[in-house]
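Visitor: This is the structure I have questions about; it appears just below.
The values are calculated or read from the model by the stated rules, or taken from the named source; none is laboratory data. Being a predicted model, the structure only gives us computed values, none of them experimental. Methodologically, a virtual Cβ is constructed for each residue, glycine included, from the backbone with ideal geometry; neighbour enumeration extends over all protein chains shown.
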Amino acid sequence: MGRIVGIDLGTTNSVIGVLEAGRPQVIANAEGSRTTPSVVGYTKDSELLVGQLARRQLVLSPRNTFSNLKRFVGRVWDELEENSLSVPYTVRANTQGNVRVTCPVTEREYAPEELVSCIIRKLVDDAETYLGEKVDGAIITVPAYFNDSQRQSTRDAARLAGINVERILNEPTAAALAYGFDRSSTRRVLVFDLGGGTFDVSLMRISNGVFDVKATSGDTQLGGNDFDQRIVDWLAEQFKKEHGLDLRRDRQALQRMNEAAEKAKQELSGVATTPISLPFIATGNDGPLHIETTLERSIFENLCPDLLDRLLVPVKSALRDSGWQPDQIDDVVLVGGGTRMPMVKQLVRTLVPNPPCQSVNPDEVVAIGAAVQAGILSGELRDLLLNDVTPLSLGLETVGGLMKVLIPRNTPIPVRQSDVFSTSEANQASVEINVWQGERQLAQDNKSLGKFRLSGIPPAPRGIPQVQVAFDIDANGLLEVSATDRTTGRKQSVNIKGGSNLNEDEIQKLLNEAKLKAEEDRRKRVSIDKRNNALTLVAQAERRLRDAALELGPYGAERQQRAVEVSIRDVQDLLAENDLHELELSVASLQEALFGLNRRLSSERKIDSNPLQGIKNTFGSIKDELFSDDYWDDDPWDDPNRPNMDRRNMGRRDLDPWNDDFYR
Ligand code: AMP
């Protein structure tokens, strides 16, 4: 069986972790970074870029580069807030009211889950390379306050990436696992998690490896991005006042302002004032226009008082639900880059008297916790038990549009809860089960998770039939609803998929497409690699030829030089013809020829630098020299282009460069 990894799928950055020898650790990506930007883009040749490479083209190709996708996952168009739509790429609603992202270069529309699946795939690919083995499954973290649709959609994204989701884990719970997995004392912990696009608060009790979540709350539309947005608006308004132009209407300018705002915000966590410079941001009647300004921390803080107020609401709600007083909290764990802002830290200090714990890295703690959970599920970590809760109340719509709650928020999961309902009219043959999630009294003010109909109810006066409705929430926080007519025993049950952006058919279609494309992509990559290798080798061979001509003259090693020249021409011809099969053979010949030339050059240098050596050689005692470690100036074994020979199995005679047959 392959490995199970832990993935923190962040709005801004994502991190992957794994349990190695009983300790959780973060895996660096192919670029060497421990965090991967959650950005997906397509180049002008429709090549897919993920992570840092995609992030780099954010400004140059804002319409084909997609960031902050997590804000769209599992959301239908009508639920989106105005500020979520302020992205430089095009987002629109399809005919079913689902969110679609438009990509001009590929001339396609994508569901946000489809693009997010590319991020998951990249993280897993990099992890497989690092681990040297296949990754079969993943623990994926989501904001605790994600509703059922957002959780379902996250799972869909992983499925599209070909990854089995072993568990959907709440981010603050993951952070607490990372914080408390090797602490034995009993602590009451508040996890305050301000990421790029979401905010979560959880209160939990950790005691001897048992993690009991007491209450959780949050805001899935509030995060570090909103603070950036305040700086963007401040810059744009100033510019508008001065030049009469709204830069937010220009996608490229907007993207540049987004980047500058995020940078300024981060810098203001360390210094009191920061410069913002955006040259050539627009063109006015008199030529190019620039932004050159400075932002002071106090001004920035004055731009955000309402955002700070919004942070207070979930904290108070979670404290109220837990029944704990702030001074009963032993530790505060700060998670997410947003908690580095001094104003946020101060806010936390005004809420809980104990200073925040400094021992965890806010960027990595969630992935570390997910890796711990992977260890619990695989049986590697024993004596740890996690009792999570459901973040939002779940219920049914009853007469008059009221919400009847079956499972109140902060109920420990997994849980099953049922109740009996009846008909509201005489001879009613069917009932509609309309499932909602949220805290409002009127069902329509909450989030609809979907509906289904139980039919075949025998005719009876109103209030007589008995329909038992049961809600099941599994350990992932995912819901299944069933309804049974107690008279006939007829039962109907559904996995709720209300707000997911993709239906099952679309998922299957994308999975089949991905299978077909995977083979095509692999072939494309192999051919690109072959061509690149050939080009690198040709450049290297040409350099070697120049060295040889300089050191030995044009005819100094004529046979070896000619062999290299002929092979270079062959490789170049085949590159032009794009004949990859023959190219492979001619690359091997060029490597062989180059190897010969390299040896010839090395031996000539050796002879030149030691005149006695030549005499020694003529007496045939070269063998001893050949195998002394410092014989080769350029160790041919370190040459990536040397012919494919196995050093261990090679007889010494095979290496004799003085044997002319060797080079043929
Ligand atoms: P996360 O989703 O945990 O990766 O958090 C990313 C958010 O944290 C982004 O909005 C970042 O701009 C923000 N962030 C990262 N570092 C800092 C910092 N030093 N000061 C303020 N915000 C930061």
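Visitor: So which residues in segment 230-262 are free of Cβ contacts under 8 Å to residues at least 60 places away in the same chain and β-branched (Val, Ile, Thr), if there are any at all?
Guide: Selection gives Val232 alone.
Visitor: Still on this structure: Please go through (1) in contact (Cβ under 8 Å) with a residue 60 or more places away in the chain; (2) at positive phi for Leu511 and return the number of the only condition it doesn't satisfy.
Guide: Status for Leu511: all satisfied but (2).
Visitor: Also: Tell me the residue from Leu53, Leu80, Leu58 that is surrounded by fewer than 23 Cβ atoms within 10 Å (Cβ to Cβ) and out of contact with any Gly (no Cβ under 9 Å at 6 or more places or on another chain), please.
Guide: Working: Leu53 fails: out of contact with any Gly (no Cβ under 9 Å at 6 or more places or on another chain); Leu58 fails: out of contact with any Gly (no Cβ under 9 Å at 6 or more places or on another chain).
Answer to the check: Leu80.
Visitor: Please work out which residue is nearest to Asp226 (Cα to Cα), limiting yourself to segment 324-371 and to residues that are more than 13 Å from the ligand (Cβ to nearest atom) and free of Cβ contacts under 8 Å to residues at least 12 places away in the same chain.
Guide: Per the stated criteria, the residue is Gln346.
Visitor: For the structure I just gave you, tell me whether Asp126 is more than 14 Å from the ligand (Cβ to nearest atom) and touching a residue at least 24 places away in the same chain (Cβ under 8 Å).
Guide: Details: more than 14 Å from the ligand (Cβ to nearest atom): yes; touching a residue at least 24 places away in the same chain (Cβ under 8 Å): yes.
Yes.
Visitor: Given the conditions (1) in a loop (DSSP other than H, G, I, E, B); (2) buried (at least 24 other Cβ atoms within 10 Å of the Cβ); (3) in contact with a strand residue (DSSP E or B) (Cβ under 7 Å, 6 or more places away or on another chain), report the number of the one that Gly197 does not fulfil.
Guide: If we test Gly197 against (1) in a loop (DSSP other than H, G, I, E, B); (2) buried (at least 24 other Cβ atoms within 10 Å of the Cβ); (3) in contact with a strand residue (DSSP E or B) (Cβ under 7 Å, 6 or more places away or on another chain), just (3) comes out false.
Visitor: Still on this structure, please answer the following. Would you check if Asn532 is under 30 Å from Leu48 (Cβ atoms), of a type in the set (S, T, N, Q) and not assigned by TED's automatic domain parsing to the domain that holds Leu48? Steps first, answer last, please.
Guide: Numbers: under 30 Å from Leu48 (Cβ atoms): yes; of a type in the set (S, T, N, Q): yes; not assigned by TED's automatic domain parsing to the domain that holds Leu48: yes.
So Asn532 fits the description; yes.
Visitor: Oh, and also: Could you check segment 532-558 and list, in sequence order, the residues that are in a helix (DSSP H, G or I) and more than 21 Å from Val571 (Cβ to Cβ)? Break it down into steps so the answer makes sense when it comes.
Guide: Just the residues of segment 532-558 that are in a helix (DSSP H, G or I), to begin with: 532-552, 558.
The answer is Leu550, Glu551, Leu552.
Visitor: Would you mention how many residues in segment 277-298 are assigned to a strand (DSSP E or B) and within 16 Å of the ligand (Cβ to nearest atom)?
Guide: Our first condition is that a residue be assigned to a strand (DSSP E or B); within segment 277-298, this holds for 277-284, 287-296.
Still in the list and also within 16 Å of the ligand (Cβ to nearest atom): 295-296.
Counting residues in segment 277-298 that are assigned to a strand (DSSP E or B) and within 16 Å of the ligand (Cβ to nearest atom) gives 2.
Visitor: Can you work out which of the residues in segment 200-222 that are away from the ligand (no atom under 13 Å from the Cβ) and assigned to a loop (DSSP other than H, G, I, E, B) is nearest to Ser67 (Cα to Cα)? Talk me through it step by step, then tell me what you get.
Guide: Initial filter on segment 200-222 (away from the ligand (no atom under 13 Å from the Cβ)): 201-219, 221.
Those left that are additionally assigned to a loop (DSSP other than H, G, I, E, B): 208-209, 221.
Working: Asn208: 40, Gly209: 37, Gln221: 15 Å.
Per the criteria, the residue is Gln221.
Visitor: Continuing with this model, one more query. Could you check segment 253-287 and list, in sequence order, the residues that are of a type outside the set (Gly, Ala, Ser), more than 23 Å from His243 (Cβ to Cβ) and out of contact with any Phe, Trp or Tyr (no Cβ under 6 Å at 6 or more places or on another chain)?
Guide: The first filter runs over segment 253-287 and keeps only residues of a type outside the set (Gly, Ala, Ser), leaving 254-259, 262-263, 265-268, 271, 273-276, 278-281, 283, 285-286.
Among the residues that remain, those that are also more than 23 Å from His243 (Cβ to Cβ) are: 262, 265-268, 271, 273.
The answer is Glu262, Gln266, Glu267, Val271, Thr273.
Visitor: Hey, could you check segment 397-442 for residues that are among the small types (Gly, Ala, Ser) and over 15 Å from Asn147 (Cα atoms) and say which is modelled with the lowest pLDDT?
Guide: Within segment 397-442, the subset among the small types (Gly, Ala, Ser) is 400-401, 418, 422, 424, 426, 429-430, 438.
Imposing the further condition that a residue be over 15 Å from Asn147 (Cα atoms) reduces the set to 400-401, 418, 422, 424, 426, 429-430.
Working: Gly400: 81, Gly401: 86, Ser418: 93, Ser422: 89, Ser424: 85, Ala426: 88, Ala429: 89, Ser430: 89.
If we take residues in segment 397-442 being among the small types (Gly, Ala, Ser) and over 15 Å from Asn147 (Cα atoms), then Gly400 is modelled with the lowest pLDDT.
Visitor: Does Thr102 count as among the hydroxyl-bearing types (Ser, Thr, Tyr), farther than 23 Å from Tyr145 by Cβ and part of a strand (DSSP E or B)?
Guide: The answer is yes for Thr102.
Visitor: Oh, and also: Which condition does Lys447 not pass, out of (1) over 30 Å from Asp212 (Cβ atoms); (2) surrounded by 14 or more Cβ atoms within 10 Å (Cβ to Cβ); (3) touching a helix residue (DSSP H, G or I) at 6+ places or on another chain (Cβ under 9 Å), if it passes all the others?
Guide: Of the numbered conditions (1) over 30 Å from Asp212 (Cβ atoms); (2) surrounded by 14 or more Cβ atoms within 10 Å (Cβ to Cβ); (3) touching a helix residue (DSSP H, G or I) at 6+ places or on another chain (Cβ under 9 Å), the odd one out for Lys447 is (1).
Visitor: Where residues in segment 412-471 are over 37 Å from the mean Cα position of the chain (by Cα) and acidic (Asp, Glu), which of them is nearest to Thr484 (Cα to Cα)? Break it down into steps so the answer makes sense when it comes.
Guide: The initial filter retains those residues of segment 412-471 that are over 37 Å from the mean Cα position of the chain (by Cα), namely 418-432, 453-469.
Subset that is acidic (Asp, Glu): 419, 425, 432.
Numbers: Asp419: 11, Glu425: 18, Glu432: 12 Å.
Only one residue tops the list, namely Asp419.
Visitor: Here is a further query. Does segment 46-87 hold any residues that are touching a residue at least 60 places away in the same chain (Cβ under 8 Å), within 20 Å of the chain's Cα centre (by Cα), under 19 Å from Thr220 (Cβ atoms) and part of a helix (DSSP H, G or I), and which are they?
Guide: Hits for segment 46-87 are Lys70, Arg71, Ser84.
Visitor: Something else now. Looking only at residues that are surrounded by fewer than 24 Cβ atoms within 10 Å (Cβ to Cβ), touching a residue at least 40 places away in the same chain (Cβ under 8 Å) and more than 24 Å from Ser393 (Cβ to Cβ) in segment 162-187, which one is farthest from the ligand (Cβ to nearest atom)? Walk me through how you get there before you give the answer.
Guide: As a first pass, look at segment 162-187 and keep what is surrounded by fewer than 24 Cβ atoms within 10 Å (Cβ to Cβ): 162-168, 181-187.
If we keep only those that are touching a residue at least 40 places away in the same chain (Cβ under 8 Å) as well, we get 162-163, 165-168, 181, 187.
If we keep only those that are more than 24 Å from Ser393 (Cβ to Cβ) as well, we get 162-163, 165-166, 181, 187.
Values: Gly162: 24, Ile163: 20, Val165: 20, Glu166: 22, Phe181: 20, Arg187: 23 Å.
Here the answer is Gly162.
Visitor: Which residue is nearest to Arg155 (Cα to Cα), if the candidates are limited to segment 437-496 and must be polar (S, T, N, Q) and assigned to a loop (DSSP other than H, G, I, E, B)? Give the steps one after another, and end with the answer.
Guide: Here is the first cut: in segment 437-496, the residues polar (S, T, N, Q) are 437, 441, 444, 446, 448, 455, 466, 468, 476, 482, 484, 487-488, 492-493, 495.
Subset that is assigned to a loop (DSSP other than H, G, I, E, B): 441, 446, 455, 466, 476, 487-488.
Numbers: Gln441: 29, Asn446: 22, Ser455: 31, Gln466: 35, Asn476: 10, Thr487: 37, Thr488: 35 Å.
Per the criteria, the residue is Asn476.
Visitor: If I ask for residues that are more than 22 Å from Arg55 (Cα to Cα) and more than 10 Å from the ligand (Cβ to nearest atom), which ones from segment 256-276 would you list?
Guide: Val271, Ala272, Thr273, Thr274, Pro275
Visitor: If you scan segment 517-573, which residues turn out to be of a type in the set (D, E, K, R), within 15 Å of Ser602 (Cα to Cα) and in contact (Cβ under 8 Å) with a residue 40 or more places away in the chain?
Guide: Within segment 517-573, Arg544, Asp547, Glu551 qualify.
Conditions tested, residue by residue: (1) within 29 Å of the chain's Cα centre (by Cα); (2) surrounded by fewer than 20 Cβ atoms within 10 Å (Cβ to Cβ); (3) assigned by TED's automatic domain parsing to the domain that holds Pro143.
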{"site": "Asn354", "(1), (2), (3)": "no, yes, yes"}
{"site": "Ser359", "(1), (2), (3)": "yes, yes, yes"}
{"site": "Val365", "(1), (2), (3)": "yes, no, yes"}
{"site": "Gly369", "(1), (2), (3)": "yes, no, yes"}
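Visitor: With the requirement that a residue be part of a loop (DSSP other than H, G, I, E, B), more than 13 Å from the ligand (Cβ to nearest atom) and in contact with a helix residue (DSSP H, G or I) (Cβ under 9 Å, 6 or more places away or on another chain), what does segment 9-45 give you?
Guide: Gly22, Ile27, Ala28, Asn29, Ala30, Glu31, Thr43, Lys44
Visitor: Okay, moving on. Is it fair to say Gly375 is surrounded by 21 or more Cβ atoms within 10 Å (Cβ to Cβ) and out of contact with any helix residue (DSSP H, G or I) (no Cβ under 8 Å at 6 or more places or on another chain)? Full working, then the answer.
Guide: Working: surrounded by 21 or more Cβ atoms within 10 Å (Cβ to Cβ): yes; out of contact with any helix residue (DSSP H, G or I) (no Cβ under 8 Å at 6 or more places or on another chain): yes.
Judged against the criteria, Gly375 is a match.
Visitor: Follow-up question, since we're still on this one. Just to be sure before I move on: is Thr141 among the β-branched types (Val, Ile, Thr) and within 16 Å of the ligand (Cβ to nearest atom) in the structure I sent? Steps first, answer last, please.
Guide: On the way: among the β-branched types (Val, Ile, Thr): yes; within 16 Å of the ligand (Cβ to nearest atom): yes.
Judged against the criteria, Thr141 is a match.
Visitor: What's the number of the condition Asn512 fails, among (1) in a loop (DSSP other than H, G, I, E, B); (2) of a type in the set (S, T, N, Q); (3) loosely packed, with under 12 Cβ neighbours inside 10 Å?
Guide: Among (1) in a loop (DSSP other than H, G, I, E, B); (2) of a type in the set (S, T, N, Q); (3) loosely packed, with under 12 Cβ neighbours inside 10 Å, the lone unmet condition for Asn512 is (1).
Visitor: Among the residues of segment 238-255, which ones are under 18 Å from Pro88 (Cα atoms), more than 16 Å from the ligand (Cβ to nearest atom) and either touching a Pro at 6+ places or on another chain (Cβ under 7 Å) or in a helix (DSSP H, G or I) (or both)? Write out each step before concluding.
Guide: Taking segment 238-255 first, the residues under 18 Å from Pro88 (Cα atoms) are 245-255.
Right, trim to more than 16 Å from the ligand (Cβ to nearest atom) and you get 245-254.
Matches in segment 238-255: Leu247, Arg248, Arg249, Arg251, Gln252, Ala253, Leu254.
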